[in-house]
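K.L.:
What follows is a single structure, and I will ask about it in a moment.
Here, each number is a calculation from the coordinates, and none is a lab measurement. Note that the coordinates shown come from a computational prediction; the quantities given were computed from them, not determined experimentally. Glycine also receives a Cβ, built like all others from the backbone with ideal geometry; neighbour counts cover every protein chain displayed.
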Amino acid sequence: MAVSGFGIENLPYGVFRRGGPPSIGVAIEESIFDLRRAAEGGLLAALPPETREACAMPRLNELMSLGRRRWRELRAQLTELLAARAPAEPFLLPRADTTMLLPADIGDYTDFYASIHHATNVGRLFRPDHPLLPNYRWMPIAYHGRASSIVPSGTAVRRPRGQAKDADAAAPRFGPSQALDYELEVGFLIGDGNPPGEPVPVDAAEDRIFGVCLVNDWSARDIQAWEYQPLGPFLGKSFATSISPWVVTLDALEPYRVAPAPLDPAPLPYLASPAGRAIDLTLEVELTSARMRATGIAPFRLSRGNLRDLYWTPAQMVAHHTSNGCNLRPGDLLASGTVSGAAADARGCLLEITRRGAEPLTLPTGETRRFLEDGDEVILRGWCEREGLPRIALGECAGRIARA
């Protein structure tokens, strides 16, 4: 059983560079199996030509577009090769010697608001008597994010500047955000899309999902609070979104599928699915400050939650997104929105943890945090684990705040 979570049962896909052009790789323990070199070397000769061609590309989009049947054929071939080890050995590289890139060209990015615990916690901060808006239990709420500012894990995040208005001020100010936050999320990368005008039925929606990754949708809460009415998030969100480099397939996560949270009221027919399932995926956030790193203090855990607590399932998100005829394309990213649980230690952002800054947290150094300071690094991790089953990891998604 793999301790790293990148064992033979996982085999996540990513895009890496090691001196030359980018290649698609598959993580196996502390190594990367180079799919481009393997395809060019004839190791994947048993697969259809279009699969071999997609494996030789510098991005995952072409492979994503082939559909679940081809994905499963490739996964079966990789499992056989990597279990035998000897045929794969010439195409294995140390993961530590590579630079991970974005796994796909992400043409569109949609961020959902699918955690009812997060929506309720945030709603209480602004509307104590009516935390959930009337439409929340009827449909998955989302906004259209900015794909151009999605960056791979490890990329520095520069503190954004923007307009914000203090409660007692007569006019807004322009300058660096004073309320920079992270959001613990999971992303669903679309595989083969749907034609314009043709909605995806909820029971077929998971076949459109190539795999999952971690997402940190960085948020400037002061900019967001001033600008979001009447049209929602804009510059408070669009400056950076970090994602983890490895994409874990739904097939790898199959042993960890569970019944979803009960919906009340019952959803409209186009969102109702007797086969709908959630994912039992543990999610954790850690923070290190510059002072913590300088003195060798271990990262401080901010929260630990679980994706199974989402109100809406990934299938319902896809079905609702396409219900008006919107076409999804290979490489599109759909994120869950902040994942929070019912417990206080399962809140997925500082806005919730510190109650909008009113209850600052204390780090091991004695430093306090209402929101993120320059030099702070936020690390997201995700994994599935159950007795008798292999650990399946999503890896980590990290970003360090650079000054404005």
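K.L.:
If packing is taken as the mean number of other Cβ atoms within 10 Å per residue, what is the order of 285-297, 330-342, highest first?
P.N.:
Answer by packing, highest mean first, reads 330-342, 285-297.
K.L.:
In square nanometres and to one decimal, what's the mean projected area of the convex hull around the Cα atoms of the range 18-87?
P.N.:
4.7
K.L.:
Next question. Please build a GNM for the chain, connecting alpha carbons under 10 Å apart, and tell me which residue among 383, 71, 138 fluctuates the most.
P.N.:
The residue with the greatest mean-square fluctuation here is 138.
K.L.:
With each run of n ≥ 4 DSSP H residues scored as -39500 (n - 2.57), what mean residue ellipticity at 222 nm is computed for the chain after dividing by its residue count and rounding to the nearest 500 deg cm²/dmol?
P.N.:
-4500 deg cm²/dmol
K.L.:
Let me ask something else about it. Restricting to Cα pairs below 8 Å that are 6+ residues apart, what does the relative contact order work out to for the range 316-377? Please round to a whole percent.
P.N.:
Over the range 316-377, the number comes to 15 percent.
K.L.:
Can I ask one more? How compact and how long is the chain, expressed as Rg and Dmax of its alpha-carbon atoms in Å?
P.N.:
21.1, 71
K.L.:
Please state the relative contact order of the range 214-283 as a whole percent: Cα pairs under 8 Å, 6+ residues apart?
P.N.:
27
K.L.:
Students often get this wrong: which residues of the range 23-48 have the backbone nitrogen under 18 Å from the point 7 angstrom along Cα-to-C-beta of residue 86?
P.N.:
Counting only backbone N, you get 43-44.
K.L.:
Which value in nm describes the separation of the simple spin-label points at residue 361 and residue 29, placed 7 Å from the Cα toward the beta carbon?
P.N.:
Each label point lies 7 Å from its Cα, and together they span 3.5 nm.
K.L.:
In whole percent, what relative contact order does the range 120-192 give with Cα contacts below 8 Å and a gap of six or more residues?
P.N.:
After rounding, I find 15 percent.
K.L.:
Taking amide H positions as placed 1.01 Å from N in the peptide plane, with prolines and chain starts having none, which residues 5 or more places from residue 32, or on another chain, fall under 5 Å of its amide H?
P.N.:
Result for residue 32 returns 93, 95.
K.L.:
Going by alpha carbons, how many degrees (0 to 90, nearest 10) lie between the helix axis of 116-126 and the longest principal axis of the chain?
P.N.:
Compared with the principal axis, the helix lies near 20 degrees.
K.L.:
A further question on this structure: Beyond 12 Å, what percent of the Cα pairs of the range 1-48 remain?
P.N.:
When every Cα pair of the range 1-48 is considered, 65 percent fall beyond 12 Å.
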